[in-house]
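S.K.: Structure provided below as structure tokens; questions to follow.
Values in this text are rule-based calculations from the coordinates and carry no lab data. These numbers come from a predicted model, not from an experiment. Cβ sites come from the backbone with ideal geometry, for glycine too, and all protein chains shown count toward neighbours.
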Amino acid sequence: NLSQTPVLRELLKEAKIPGTTIKIESPELCMLCCFSFKQEPQLIKLDQPGPLTLAMHQFVTEMQETKKGVVTPKELFAQVCKKAIRFKGYQQQDSHELLRYLLDGMRAEE
């Protein structure tokens with residue numbers, strides 16, 4: 001599902017280049033109010049991406065470009081295991097826990 005999220009793919013592509021400044025737009029419509037407003041976009045300068053972010057970029061790129069149909073996330077999984085040792089050993093885990101550790105780990109690398 002993450003590989004099919006266009007915003008994430010674009011952010012990963014931009015995050016791969018150190019020193020890149022990305023613009024994050026806020027939603028134009030306030031869900032709590034009956035009127036619309038526009039906030040100024042946030043500009044964020046990115047440093048060198050961390051190993052988890054680079055592994056995620058590589059994995060998403062492989063999923064988009066491969067003609068084989070099968071992609072193995074070995075490097076991405078290895079990087080997740082470095083951040084959350086509980087995933088080592090290939091024991092059964094909840095997918096939402098893996099997703100949480102993946103996204104939290106990438107955010108910590110920002």
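S.K.: What ranking do 69-79, 91-101 get when scored by the average of other Cβ atoms within 10 Å per residue, highest first? Provide the component values of the computation, followed by the final result.
M.R.: Values: 69-79: 13.8, 91-101: 10.6.
So the order, starting with the most tightly packed, is 69-79, 91-101.
S.K.: Determine the sum of side-chain charges near residue 19: Lys and Arg each +1, Asp and Glu each -1, restricted to other residues whose C-beta is under 12 angstrom from that of residue 19.
M.R.: Values: positive: 16, 45; negative: 14, 47.
Result for the neighbourhood of residue 19: 0.
S.K.: So, one more: With unit charges on the beta carbon (Lys/Arg positive, Asp/Glu negative), name the residue among 89, 76, 101 whose Cα is farthest towards the positive pole of the charge dipole of the range 63-110.
M.R.: 89
S.K.: Would you kindly state how much longer the chain becomes between residue 97 and residue 67 on full extension, computed as 0.36 nm times their sequence separation minus their alpha carbon distance, in nm to one decimal? Don't skip to the end; give the middle numbers.
M.R.: Numbers: separation 30, 0.36 × 30 = 10.80 nm, distance 2.97 nm.
Result for the pair: 7.8 nm of gain on full extension.
S.K.: Okay, next question. Return the distance in nm (one decimal) between the two label points of a simple spin-label model at residue 43 and residue 58, each offset 7 Å from Cα along Cα→Cβ.
M.R.: Modelled inter-label distance: 3.3 nm.
S.K.: Where the convex hull is taken over the Cα atoms of the range 38-110, what is its projected area averaged over directions, in nm²? Let's see the in-between values first.
M.R.: On the way: hull surface 28.3 nm².
Seen from a random direction, the Cα hull of the range 38-110 projects 7.1 nm² on average.
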